[in-house]
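Coordinate-derived values only; no laboratory data. Source: prediction; values computed, not measured. Glycine also receives a Cβ, built like all others from the backbone with ideal geometry; neighbour counts cover every protein chain displayed.
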Amino acid sequence: MSSLDTIPVTTEVATGNVEPLLHEIRHALKRLAGGEQGTTIDLKSLPLAPGEEERIEATLGTGEVRAEVDALGPTLIRETSYPGVWLITHKNADNAVVARFIEVTYIPELLRSQPEDIDAGIDRLESELRT
Amino acid sequence: MNSQTTRALEMEAALEQIEPTIERKGLSDDERVERAKQAFLRKLDGRKAVDLDTCIHCGMCAEACPFYLTTQNEKYAPVHKYRLLRRLYRRRLSPMRWLYKPFTPDITIDDLREWRHYVFDACTGCARCDMICPMGVNVSSLIRIVREGIGAADLMPPRLQRLKNEQRDKNSIVGVDGEYLRNVVATLNDQGADIPLDKDGADTMLLTTVTELRLFPTALAANAKILNKIGANWTMYTDAFEAANLGYVAGDTKALRTATARIVEKAREQGIKTVVVGETGHGYQTLRWLGANTMGERLPFDVYSILEVVAQAQADGRLELKQQANGSSVSYQDPCRLSRKGGILEQPRRILESMGYEIRETEVHGREDYCCGGGCGEYVLSTGSKLRHKVFDLKRHQFEDAGADEVVTACASCRYNLLIGAEKVEWDTPITSLVETVAAHMAD
Amino acid sequence: MENMTLLDFARGPGLQWALWIFCLGVVWRIVGAMYLLGNKDLSKARRTNYIRSGLRAILTRSTPAEAFEEKIRFQHISGYAWHLALFVSVLFFAPHILFFESILGFSWPHLPNTIILFSGAVATALLIALLIRRATHPVQRLISTADDYISIAVVLLPLITGLAAFAHIGLRYETMLALHLLSVELMLIWYPFSKLMHAFMTFPARYQTGTFFGHRGIKA
Amino acid sequence: MRKDQNLGEYLRSQGVSRRGFLKFCSATASLMALPPSAVAQVAEALAAARRPSVIWLSFQECTGCTESLTRSHSPTVESLIFDAISLDYHHTLQAAAGHGAEAAREAAQEENKGEYILVVDGSIPVDNPAYSTIAGISNLDMLKDSAKDCFAIVSVGTCAAFGGLPGAAPNPTGAVAVSDIITDKPIINVSGCPPIPVVITGVLAHFLTFGTIPELDALGRPTAFFGQNIHDRCYRRPFYERGEFAETFDDEGARKGWCLYKLGCKGPITYNACATVKWNQGMGFPIQAGHGCIACSEPRFWDKGGFYDALSTGDWGTREALLGAAGAGAALGVASAIRARSRKKKAMAEEEA
């Protein structure tokens, strides 16, 4: 990227979307703590200036859990420094980002083992044992 | 009650004697309306067109008009007073007349009768509105045209109609003719004045007014004293002495011309180089500023107000005035047609100061002075008398606030109007004439 | 042209026709009024420096004489504030400057949009206040004509549509922009036939009044 | 994918886990600009989805739309969408050629009567249909033929949607949009020059998922992607609000990334998803690269003045025309004044009489 970096274009702009997003996360956390359902926010649906996504990430920080799911390319799941707030990055087989979400939940659905997969696993284990 | 006031009341009574005739018969309503329109057309030119197109109807002119200020009657707003002219302009002359005409009502005979009240009873043509207009519209000149239109329709107030007809036909006003002048001069000369009448070979002629002759002959004597002192070769003519012009006042341009022509012809015939106009506002205006335009040619002589003559003589050293006033104070009443419309603003003040007076200016003065309320024929109209007294009240408060020992003016009409007004409310501040004051301060 | 949108019309033929009518009408009205020519004043002038007198009046009539100030303070101040706010919004909004530049060929610096928004709102509020005064003050109510009211409406429209387009209120942006342009075009078309012409007539009127009084030796 | 398989079964047969499927559904929902809460619904629908047949016709076009699609993201989740559809005819991409290709199209049309989706890129010349033919069949005939039995048409790119470049003045071929010819089928316009690839796949995903026509705006564009204008979602908007504009492409303002309004950006009147979906795997979009929007997803954008003329300028005509109008005004003014003066003179004469 060194050649791109030399292009002297900078933006010191803020769309003003970062602050409301953080507030939205706060409200979602409160709802979650109050026994309500979790919330998912699609980061693609917000107009963000270059660098703003990084600022959101930096603000949320890094928490205790990091996980990687390998299904149709890697998916990185990370709890932020605010417990209950998860950052989920879906990538394709080429390591290109295809979707990013912030999930406010106790545990992201994707981390749970899925009943269909468990069934398939049982099948496989049984056929393994049979041989 | 002093003798001047007595005579003023007599004159008022004499005016009341004039039969308040109804409008002259003979003209049909349509003819009257047509005549008014023709008069409007004659006077509308590019300047007036720009004025009419510029007015944004802000209504500020009302706040300058003494008649609106004292009555709060919105119909006295100067802009409303020329509404008929605007209509004619928009129907007949405006570049956009094809568009405006269907939306602009035509002038009717009822309009003319209604506007007669606005432009005769509630307007003295004092031109204060000209000074306030933020757009620079020459408001009073537009109202003046409405007066001339109503005059052309022969719908002016009957009393003015009679007076201007008398002047036009008989060269006299309320009976004041050459013979009357002869008698007044004889009396004054007996008292020591030296007034040459119908003298051949003079180069200067003096004009006076009916008001002066009937009420203030002392002012005529003062004029004579000044002219003699400065060594003028002057005279008065018994057939051309009247500065007042009732044709102008009544809005009858033909009568205006007849009266002006008398003076101009006489002066031309006698080889007069200078015409001096005594203490009168509209008499000065009709000759000095309107004379050449009325006659359609440059005048063969110069026109000066007696104030200009005094000021010039003082400057030349031909006239010395004694500083006898000893700091007594005066307020100067600016006659609108001498000051705002005549350009004589500094001279009277310089003259008063040279005699040792302390000038206490009224709150508004000079270019923005309030009208006495009686100008331009207003004071002969009984229909306007109520309004006139209201305006006088405005003036009186101005004078009282200034707190001077006396009020000085330089127009016989102002003087008459102030005297009558003062008498009605028993206001006792002396109202005096500037030339008489000058005569009293002349070194022998 | 087929499929022409409102905005296309407003930016193309609408604008052209409006400008043509504006130019035609303004010149027509000025020439038509002035070419009536003046009756020459034959009286002997007390002062002959006419240009000076005229220019002086153009200047002095920008503020009322002290003697009148108190009585017309509201109109004086609100009138100035209205015109100032209007000119700031019209002349210093960046998109407007681009519009003028495309016609005039030169440009000037613009002001931040918050200032434009503020002045636009102030201008709108003042014009409405002046409209209310016109409808209620006895003198103004009496002397007002349809022209006065229509002209206010015709000037209010671009202000309101402009503010709405700016703030994204109401219809979609391109529709509001089209309405804004159309309202400006309506104003341009209305202009030469209405009192809005005072913008061209005021200085000549002041000038001639200045010379009229200057001729008589009075500073008007 | 076999024709009798649904998508869920197909993916499972490809060894895609439920996790992977859920991930695919999340990405698809995001792709269709659906809220994340819709993922469950999407998952349910997708699992049962049947593989639709797609026929892609290319008329007067530059292949930019196809390029946009194929060059976009190398094997991605979207590619799965393509795996999940049966692209039965696409003359740029298919292996078959000549009669075989046309036969494939006809066969697919016959086999999927009333169910296949017709994708069109490029405009159709109607002045003389011979201007553009495929296998001796004019575009007009082919479109009519293929549209006859389709379920819906997706007009991909501004040419197919609105006439585009071939339809720009003076439009020598008489190019028209699909919607000018076909009026009895649902048409979804995915405009743009080219359209955002993700938007193309998003629309196909919608078909795949729900089997219905998405909600459309007045110009027939899916509101999910064309519902908001570029200006409203532009990250440079705050500069506009503050009145900070780049004056040239290399000034301080340009370097600081200020608003490009003055340089002709048409963002305020352009409805598209560039500002949020972005291009090149989300790397950026034209404004982010420093160039104003040219309104490529709007009808007749070629003919709406220069790309570098600010939006607030208009076509005010010529100086000569304005001077002409002023001259005519002067003439009318003089004529009017002369007539008015004759009235005045008459009045004067009457006074003398």
Gyration tensor (alpha-carbon) shape descriptor, chain C, a/c threshold 1.5: prolate
Of B:K254/D:K344; B:K225/B:K273; B:K254/B:K386; B:K273/B:K322, pairs whose Cα-Cα distance is over 26 Å: B:K254/B:K386; B:K273/B:K322
Ranking of D:H99, C:H180 by count of other Cβ atoms within 10 Å, fewest first: D:H99, C:H180
Gyration tensor (alpha-carbon) shape descriptor, segment B:29-155, a/c threshold 1.5: oblate
Beta bridge orientation in the protein assembly as shown: antiparallel %, DSSP, nearest 5: 45
Order of B:Y237, B:Y82 - criterion: other Cβ atoms within 10 Å of each residue's Cβ, fewest first: B:Y237, B:Y82
Prolate/oblate/rounded label for chain D (Cα gyration tensor, a/c 1.5): prolate
Label-point separation in nm, D:A48 to B:E361, each point 7 Å along Cα→Cβ: 9.7
Segment C:L171-C:S107, extension gain: residue separation times 0.36 nm, minus the distance between their alpha carbons: 20.0 nm
FRET efficiency, 1/(1 + (r/R0)^6) with R0 41 Å, evaluated for C:A65 and B:D190 via beta carbons: 0.25
Relative contact order of chain D, defined on C-alpha pairs under 8 angstrom at six or more residues apart (%): 14
Under-5 Å amide H pairs with C:L42, H placed in peptide plane, nonlocal only: B:N293
Net charge, C:L111 excluded, C-beta distance under 12 Å - Lys, Arg +1, Asp, Glu -1: 0
Number of partner chain Cβ atoms within 10 Å, mean per residue of D:128-141: 0
Kyte-Doolittle mean at least 1.0 and Cα axial length at least 20 Å: DSSP H helices in chain C: C:13-34, C:113-136, C:146-167, C:173-190
Part-to-part distance (alpha-carbon centres) for segment B:376-438 and segment A:67-131, which is given in Å: 105
Positive-pole candidate from C:Y50, C:L86, C:H180, dipole of segment C:46-215, charges at beta carbon: C:Y50
Modelled FRET efficiency - R0 30 Å, B:E269 with B:Q17, Cβ distances, 0.05 increments: 0.25
Test item: D:232-239 mean partner chain Cβ contacts at 10 Å: 6
Taking B:E353, D:E215 and counting other C-beta atoms within 10 Å, the order from fewest to most: D:E215, B:E353
Residue mean of other protein chain beta carbons inside 10 Å, D:314-327: 6
B:W98 paired with B:E179, simple spin-label distance in nm, labels 7 Å along Cα-to-beta-carbon: 6.3
Antiparallel DSSP beta bridges within segment B:159-314, percent to nearest 5: 15
Label-point separation, A:H23 to B:V425 (7 Å along Cα→Cβ), nm: 6.6
Charged-residue dipole, Cβ positions (Lys, Arg, Asp, Glu), segment B:285-401 about Cα centre, Debye nearest 20: 360
Positive dipole terminus of chain B, leading residue within B:Q333, B:A222, B:T70 (C-beta point charges): B:T70
Percentage relative contact order, chain C, counting C-alpha pairs under 8 Å, at least six apart: 40
Computed E for A:A93/D:Q94 - FRET, C-beta separation, R0 35 angstrom, nearest 0.05: 0.90
Leading residue at positive end of dipole, the protein assembly as shown (Cβ point charges), from D:L143, D:M32, B:A36: B:A36
Cross-link pairs beyond the 23 Å C-alpha cut-off, checked among A:K30/A:K91; D:K113/D:K144; B:K390/C:K71: A:K30/A:K91
Stokes-Einstein D (µm²/s) once Rh is taken as the Kirkwood radius of chain B over alpha-carbon pairs, at 10 °C in 1.306 mPa s: 71
